[in-house]
1. I'm trying to understand the selection: among the residues of region 36-49, which are part of a helix (DSSP H, G or I), without any contact (Cβ under 8 Å) to a residue 60 or more places away in the chain and not aliphatic (A, V, I, L, M)?
2. Could you identify the single residue in ASN40, ASN26 that is surrounded by fewer than 17 Cβ atoms within 10 Å (Cβ to Cβ) and either touching a Lys or Arg at 6+ places or on another chain (Cβ under 7 Å) or among the polar types (S, T, N, Q) (or both)?
3. I need the full set of residues from region 54-107 which are at positive phi and either hydrophobic (A, V, I, L, M, F, W, C) or in contact with a strand residue (DSSP E or B) (Cβ under 8 Å, 6 or more places away or on another chain) (or both), in order please.
4. Quickly run through region 66-107 and pick out the residues that are surrounded by 15 or more Cβ atoms within 10 Å (Cβ to Cβ), aliphatic (A, V, I, L, M) and in contact (Cβ under 8 Å) with a residue 24 or more places away in the chain.
Amino acid sequence: MIHPRLTAALIGSALISAGAFAQDGNVQRGAGLYVSKTCNLCHTLAGESGPMAEMGGSLDNLGSKRDAAWIRAYLKDPTGTLPGATMPKTELTEQEIADLTAFMLAH
């Protein structure tokens, strides 16, 4: 029989590992999300713009202007992070936010 404290430690360790994984963004998954979540409708990236690009603006070189923490906060709550922002609040998982952040920092 496994000791209760050992069980609790193993479960806690697994939860911490899962939380750390959710914070690790993947650029390729972020690229897919950029398209599937239709970010490309309101933003310009690498010279490609959507029909409402004036509204959302360019995301080129975003990583040189903002850090990962700011991008994550903005994706969670655009107007709470940048009053007057026109981007609507979206339903994104923590992993999706991490992946989109990694993608944006790479551009």
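1. To start, the set of residues in region 36-49 that are part of a helix (DSSP H, G or I) comprises 36, 39-41.
Filter again for without any contact (Cβ under 8 Å) to a residue 60 or more places away in the chain, leaving 36, 40-41.
Once the filter is applied, which keeps residues that are part of a helix (DSSP H, G or I), without any contact (Cβ under 8 Å) to a residue 60 or more places away in the chain and not aliphatic (A, V, I, L, M), region 36-49 yields SER36, ASN40.
2. Details: ASN40 fails: surrounded by fewer than 17 Cβ atoms within 10 Å (Cβ to Cβ).
Answer to the check: ASN26.
3. Filtering region 54-107 down to residues at positive phi leaves 57, 61, 84.
The answer is GLY57, and nothing else.
4. Selection gives ALA68, ILE71, LEU75, MET87, LEU92, ILE97, ALA98, LEU100, ALA102, MET104, LEU105.
Residue-by-condition table, conditions (1) assigned to a helix (DSSP H, G or I); (2) within 9 Å of the chain's Cα centre (by Cα):
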position: PRO51; (1), (2): no, no
position: MET55; (1), (2): yes, no
position: ALA69; (1), (2): yes, no
position: ARG72; (1), (2): yes, yes
position: THR79; (1), (2): yes, no
position: THR86; (1), (2): no, no
position: LEU92; (1), (2): no, yes
position: GLN95; (1), (2): yes, yes
position: ASP99; (1), (2): yes, yes
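Rule-based calculations on the coordinates, nothing more; no lab input. Please read all numbers here as calculations on a predicted model, not as lab measurements. For neighbour counting, all protein chains shown are included, and Cβ atoms are generated from backbone atoms with ideal geometry for every residue, glycine included.
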